[in-house]
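The values are calculated or read from the model by the stated rules, or taken from the named source; none is laboratory data. Owing to the predicted nature of the structure, the values given are computational and were not obtained by experimental measurement. Note that we place each Cβ from the backbone using ideal geometry, even for glycine, and neighbour counts take in every protein chain shown.
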Amino acid sequence: MLIGMAALAVGCSRPGPPRFEAVGVTRVGASAEGVELVFHIAAINDSKEPLPLRRVSYTLALEGREVFTGVRSPETTLSRYETHEIDLPAIVPPEYDTRGVAPYRLSGSVTYLTPGKLAEVLFESDMLVPEADLNIAGEIDFGGGG
């Protein structure tokens, strides 16, 4: 019961979640395994407290079809009122037609740590693991060839 009350107290005082916006997409290369892309994402902290980002779980869908799922450590802490760019790699399988322009959606969640020792203990014990939604859409210009 004490742990539940402590979790509630931490939850009431914690800062809001980070936000995410698309910055761009870079085509890194192509091989027999597919087309390698890197999604550049702005991670935005509107809070007066720093927010360490711990894990990003994400899925890439092209034209409504899921083509890649990944998990990544952002390896960054968003300082107070800071915007920081994180990069998320993805590979589009060779069976997907990578010519022309295709709409994409990058969706998933980002776990982050709220300030305070109690929050850290609850996070490490998987009792309080705050998550922020990642939901970004745009278009990728694959050019004329795949």
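Listed values, structure above:
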quantity: Test result for Val110, free of Cβ contacts under 8 Å to residues at least 12 places away in the same chain, hydrophobic (A, V, I, L, M, F, W, C) and out of contact with any Cys (no Cβ under 9 Å at 6 or more places or on another chain); calculated: no
quantity: Test: Leu51 is within 18 Å of Asp133 (Cβ to Cβ), at pLDDT 95 or above and of a type outside the set (Val, Ile, Thr); calculated: no
quantity: Set Val129, Val56: member being part of a loop (DSSP other than H, G, I, E, B), of a type in the set (A, V, I, L, M, F, W, C), within 18 Å of Pro17 (Cα to Cα) and touching a strand residue (DSSP E or B) at 6+ places or on another chain (Cβ under 7 Å); calculated: Val129
quantity: Residues of the range 59-108 that turn out to be within 12 Å of Gly34 (Cβ to Cβ) and either at pLDDT 95 or above or surrounded by 15 or more Cβ atoms within 10 Å (Cβ to Cβ) (or both), as a count; calculated: 10
quantity: Any hit, the range 113-125, residues being over 17 Å from Pro52 (Cβ atoms) and either out of contact with any Gly (no Cβ under 7 Å at 6 or more places or on another chain) or acidic (Asp, Glu) (or both); calculated: no
quantity: Checking Ile91 against (1) closer than 25 Å to Arg65 by Cα; (2) assigned to a loop (DSSP other than H, G, I, E, B), the condition it does not meet; calculated: (2)
quantity: Single match in Ala32, Ala119 (criterion: modelled with pLDDT under 95, surrounded by fewer than 16 Cβ atoms within 10 Å (Cβ to Cβ), over 11 Å from the mean Cα position of the chain (by Cα) and not charged (D, E, K, R)); calculated: Ala32
quantity: Among (1) more than 26 Å from Asp141 (Cα to Cα); (2) touching a Ser or Thr at 6+ places or on another chain (Cβ under 6 Å) - the single one Pro115 does not satisfy; calculated: (2)
